[in-house]
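What follows is a single structure, written as structure tokens, with notes after it.
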């Protein structure tokens, strides 16, 4: 059995965590109703009521702590670590191979050409999570994630959640699906 370098194992674990977190965030984002198509103006309106309600007497307030005119004010500093841009990952094919006990997956990043990114396939069921990774393959207009084979534990059956993630220094994205095993 081949031993893995702890640095590689640590990097792979980081990619799995990033891909899984992104999958969850993107999966949950589809559960939110974006509301009306027109942009919000950010103003609130109220409707006067026909009945009156008791009011309390005014209370004294603390003096204003606004800086004096002409004094310098602190401006917010930009984030020191830029956030990666989100890219669109599309799963093209999934297949369970009972002979090898593997889920095979292929996909692509539809809006990025990158020769430096990693593709990570993560299969999970309950508390069991397994993954596989390959380098993304840059093409003329997309980045392919091909030849990913996630080896499941012996005797695995049932429905497995599958996330295909892509990450490079400036981009990340994920697509999810389920695969029936057994």
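Please treat every number below as a calculation from the coordinates, not as lab data. Every value quoted in this text rests on a predicted model; they were computed, and no experiment measured them. Note that each Cβ is placed from the backbone with ideal geometry, even for glycine, and that neighbours are counted across all protein chains shown.
Key figures
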item: Per residue convex hull volume, Cα atoms of segment 107-176, in Å³; result: 83 Å³
item: Taking the C-alpha atoms of segment 117-157, convex hull volume expressed per residue in Å³; result: 76 Å³
item: Contour excess over end-to-end distance, with Cα ends at residue 134 and residue 159 and 0.36 nm allotted per residue; result: 6.6 nm
item: Translational D in µm²/s for segment 74-145 (Stokes-Einstein at 10 °C, 1.306 mPa s, Kirkwood Rh from C-alpha pairs); result: 109 µm²/s
item: Label-point separation, residue 85 to residue 147 (7 Å along Cα→Cβ), nm; result: 2.8 nm
item: Estimated inter-spin distance, residue 180 and residue 116, nm [label 7 Å along Cα→Cβ]; result: 4.3 nm
